[in-house]
Amino acid sequence: MVKPYLDAFMRLWRLAVRPTRGRTALALRTAIVCMALVLIGEIWQLPMLTLLTLTLGALWQGNRVANMKISVMYIIFFSGVTGALYVGVATTINNFLATLIFNLVLSFVFFFLSTTTILGMISVIGGLILSYMLVALDNVQSGDSIARLVLSAWRVFLIIAGMMAFVGSCFSPSPEHVLTDQIIERLRLSAKCLGRRGEGRGIPQAWQDAVMDTVGEGVSGMFGMLGAATAEQRWSPEDLSYLRRAALNSFGILQFVERCLKPNAPISMEDCAYLAKRLEEAAECFETGGRPAETGTDQVCSGDIAQEMERLLNSLDQPLTAEDVQLPSSQSGNAAPKKKSGFFLPGAFTDPEHVRFAVKGTVSVCLSIITYKMLNWPGVHTCIITCFIVSLPTMGAVLDKQRLRIVGALIGCFMAMGTIVWLMPHMTDIAEIMLVMGVVIFIGAWVKAGDQRISYLGLQIIVTFTLADLAKYAPTTDLTVPRDRIIGILIGLAITYVVHTMFWPHSAMGGALQKLKALDGLLAQDITDWNHDQRMLQAARIQETASGAMSQLRQVMIEPAAMRPTKHRMRQYMLFLRRAAMSAGCLFGDIAASQQKQSLRLGQILKGGETASLKEGGGL
């Protein structure tokens with residue numbers, strides 16, 4: 001009875017502590033920037049001090065191009081937010097009902113923009129800050145004081161955008177550097193697994209999980225970094241073409257390594273040891289800023305899988321342009337070329353789910369504000385913040401995020417209480433406080449920089465700790481502050497759960513079915529006339545789609561029983577995903593040419609054509 005929960009905890013722990021390349025540097029940069037921002041806020045006594053780290057921690061990116069892009073959108077968007085805030089407050093001053101209506105109208109707009117535009121998290125942060133300020137300004141009676149506070153808020157927005165733009169440009173790495181780190185990480189992960197197998201030892205479970213998770217990422221993220229590096233216009237097209245080749249080949253190598261994780265994999269120990277050495281040499285070459293030298297075409301390995309990996313290693317010295325991996329338009333599943341999306345995403349005004357989600361989020365905010373005013377308990381204002389942070393379009397995503405918020409909030413609260421009880425009495429200057437805050441923010445940023453399944457947990461550690469220990473422009477010495485923050489978070493979670501359950505509950509199964517149908521279409525494509533690189537890119541697309549569908553199904557499994565499919569149907573979906581992932585490894589190389597293509601369709605499995613093999617789908 002205990003083993004499933006223990007396995008889930010160990011899986012979560014491995015995700016939290018997985019030491020990927022660049023993770024420590026990203027967490028350290030986030031901690032330093034947050035500490036500098038808090039220090040500026042303490043010196044100038046800026047309003048919304050507790051929300052500075054929330055904004056920066058949520059929006060800070062791992063490369064300078066992304067930080068610059070977000071800072072530009074941030075300052076433009078929040079300049080409009082500040083103007084709307086001033087007009088709204090000036091017209092609804094000393095009128096709670098009018099202020100509430102104005103707050104709810106803007107909350108609806110922000111929720112709608114968060115799912116229909118490229119703003120995303122920026123819109124959520126905007127709604128969060130606006131609602132918080134409107135509730136706080138409701139107690140201010142002087143119009144002149146309100147004007148000064150609104151202008152001070154705009155100064156805060158300018159400072160945050162400036163930190164992201166200038167500090168991010170100076171200290172954040174370039175997209176080319178981030179892409180190189182990802183390539184090195186994949187090569188060294190492959191080398192470690194093959195090295196252990198070459199020594200006759202078992203591969204640790206943490207390494208196996210890392211291989212499967214990284215294969216599921218495909219190459220879209222790395223190709224996105226190539227696009228950002230191209231936009232930066234600091235790197236020659238020739239250098240980027242070599243990185244494109246290394247990115248695609250590193251995925252192919254890791255795809256074959258995943259097939260070598262099984263004890264009975266058809267690869268010898270000698271081949272594993274040789275390939276591990278070659279992979280380490282290639283990783284060291286990329287780490288020193290060079291390119292793998294030409295190694296010739298002589299085959300040393302004997303097995304089929306080992307020869308495929310050796311061929312991928314030998315071709316690392318060959319450039320790969322974007323046109324070489326462009327999939328044929330007649331086979332890509334799209335008759336017409338895709339239009340480049342603008343500010344609004346496709347289906348922004350045609351899908352009614354966007355409006356329903358905005359309505360549900362607005363109702364949650366309304367109930368939170370009324371509850372906050374009725375309780376007359378200033379410390380539980382986090383219930384309003386929670387409604388913005390945990391509101392998501394599907395029920396499974398809401399429940400998943402709520403669990404992470406509860407765990408992260410409890411960890412951050414315990415850290416804040418421990419700081420107040422054991423460290424605050426011994427602190428004598430602001431440097432010591434900044435040091436303690438930097439350590440906690442680093443821990444939260446480390447978790448946030450990890451896998452996307454637990455990144456929200458790290459953000460909650462940062463948010464809860466700063467909300468508790470930055471309640472005033474002085475060291476916090478009252479334990480009721482973190483207690484009130486936790487109570488407010490629980491109130492917000494309860495309200496969000498009730499609203500998303502009772503009003504138009506939308507299951508994550510709809511998104512999962514779309515992913516499954518897209519995966520079925522990818523598997524049905526005829527790739528007979530495609531070259532080797534196109535086949536490898538198709539395999540990456542299949543792995544990414546299968547990973548996305550698996551993530552959606554995990555959210556479906558935590559939804560209420562009435563919204564979930566039957567266990568038999570879920571096992572069929574799992575079987576299809578596992579078969580698709582295995583088929584992706586046979587799409588490229590000589591192995592694909594020597595094997596007869598098997599038709600794998602979702603309809604056959606759902607109709608019962610694969611009932612004899614349902615055990616492959618695993619348990620739920």
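The values are calculated or read from the model by the stated rules, or taken from the named source; none is laboratory data. All figures in this text were calculated on a predicted structure; none of them were measured in a lab. Here the Cβ is made from the backbone with ideal geometry for all residues, glycine too, and neighbour counts use every protein chain on show. Ligands, DNA and RNA are excluded from the accessible area calculation, which covers all protein heavy atoms including side chains. Shrake-Rupley method; radii C 1.70, N 1.55, O 1.52, S 1.80 Å.
May I ask for the angle, rounded to the nearest 10°, between helix 509-524 and the longest principal axis of the chain, with both axes built from Cα atoms and the value confined to 0 to 90°? Taking Cα atoms only, the helix is inclined about 20 degrees. Distances between placed amide hydrogens fall under 5 Å for Thr117 paired with Leu345, all partners being 5 or more residues away or on another chain. The residues of segment 150-288 have, on average, 41 Å² of accessible surface per residue, using a 1.4 Å probe with all protein chains present.
Diffusion coefficient of segment 162-306 by Stokes-Einstein, Kirkwood radius over Cα pairs, 25 °C, 0.890 mPa s: 149 µm²/s. Roughly to the nearest percent, how much of the accessible area of segment 1-55 is carbon and sulfur, given a 1.4 Å probe? It is 75 percent, rounded to a whole number.
Hydrodynamic estimate: the Kirkwood radius of segment 38-87 over Cα pairs, inserted into Stokes-Einstein at 37 °C and 0.692 mPa s, corresponds to D of 265 µm²/s. Taking the Cα centre of the chain as reference, the dipole from Cβ charges on Lys and Arg (+1) and Asp and Glu (-1) amounts to some 1700 debye. Less than 14 Å Cβ to Cβ from Ser241, Lys/Arg counted +1 and Asp/Glu -1: what total charge do the surrounding residues give? Spelling it out: positives minus negatives among the neighbours equals -4. Packing order of peptides 533-544, 223-234, highest average first: 533-544, 223-234 (average count of other Cβ atoms within 10 Å over each peptide's residues). Relative contact order of segment 172-297: 45 percent, from C-alpha pairs under 8 Å at least 6 residues apart in sequence. Sequentially through segment 84-96, phi angles give Karplus couplings (6.51, -1.76, 1.60; θ = phi - 60°) of 5, 5, 5, 5, x, 5, 5, 8, 10, 4, 6, 9, 4 Hz, Gly and Pro residues having no value and appearing as x.
In this structure, Lys517 and Ile370 have a Cβ-Cβ separation that, at R0 = 35 Å, corresponds to a calculated FRET efficiency of about 0.25.
Surface composition of segment 514-576: carbon and sulfur make up 46 percent of the accessible area, probe 1.4 Å.
Evaluating 6.51 cos²θ - 1.76 cosθ + 1.60 at θ = phi - 60° for every residue in segment 541-552, the Karplus couplings come out as 5, 5, 5, 5, 5, 5, 5, x, 5, 5, 4, 5 Hz, glycine and proline recorded as x. Converting phi to 3J(HN,Hα) with the Karplus coefficients 6.51, -1.76 and 1.60 and the offset θ = phi - 60°, segment 205-210 yields 4, 4, 5, 4, 4, 5 Hz in sequence order, with x at every glycine or proline. A simple count of charges around Gly488, restricted to other residues whose Cβ falls under 14 Å of its Cβ and scoring Lys, Arg +1 and Asp, Glu -1, yields +3. Checking the cross-link pairs Lys192/Lys262; Lys401/Lys515; Lys3/Lys515; Lys3/Lys517; Lys401/Lys567; Lys401/Lys448 against a 25 Å limit on the alpha carbon distance flags Lys3/Lys515; Lys3/Lys517 as lying beyond it.
For segment 497-551, a crude dipole built from +1 on the beta carbon of Lys and Arg and -1 on the beta carbon of Asp and Glu, taken about the Cα centre, is about 220 debye to the nearest 20. Charge tally for Ala276 (other residues, Cβ to Cβ under 15 Å; Lys, Arg +1; Asp, Glu -1): +1.
The residues of segment 1-149 have, on average, 44 Å² of accessible surface per residue, using a 1.4 Å probe with all protein chains present. When you restrict to C-alpha pairs under 8 Å that are six or more residues apart and normalise by the size of the chain, the relative contact order lands at 18 percent. Using the charge dipole of the chain (Lys, Arg: +1 at Cβ; Asp, Glu: -1 at Cβ; taken about the Cα centre), state which of Gly418, Val440, Ile93 has its Cα farthest towards the positive end. Most positive-ward Cα: Ile93. Per-residue ellipticity at 222 nm computed for the chain from its helices equals -23000 deg cm²/dmol, with DSSP H segments shorter than 4 residues left out and the rest contributing -39,500 (n - 2.57). Just want to confirm a number: the relative contact order over segment 440-562, from Cα pairs under 8 angstrom separated by 6+ residues, in percent. Relative contact order comes out at 18 percent. Relative to the longest principal axis of the Cα atoms of the chain, the long axis of helix 3-17 lies at roughly 80 degrees. Each part gets one Cα centre, and for segment 55-90 versus segment 362-419 those centres are 22 Å apart.
A dipole drawn for segment 98-251 from +1 and -1 charges on Cβ atoms has a positive end, and of Val109, Ala161, Pro175 the residue lying farthest that way is Pro175. Of the accessible area of segment 179-248, computed with a 1.4 Å probe over protein heavy atoms only, carbon and sulfur atoms account for 50 percent.
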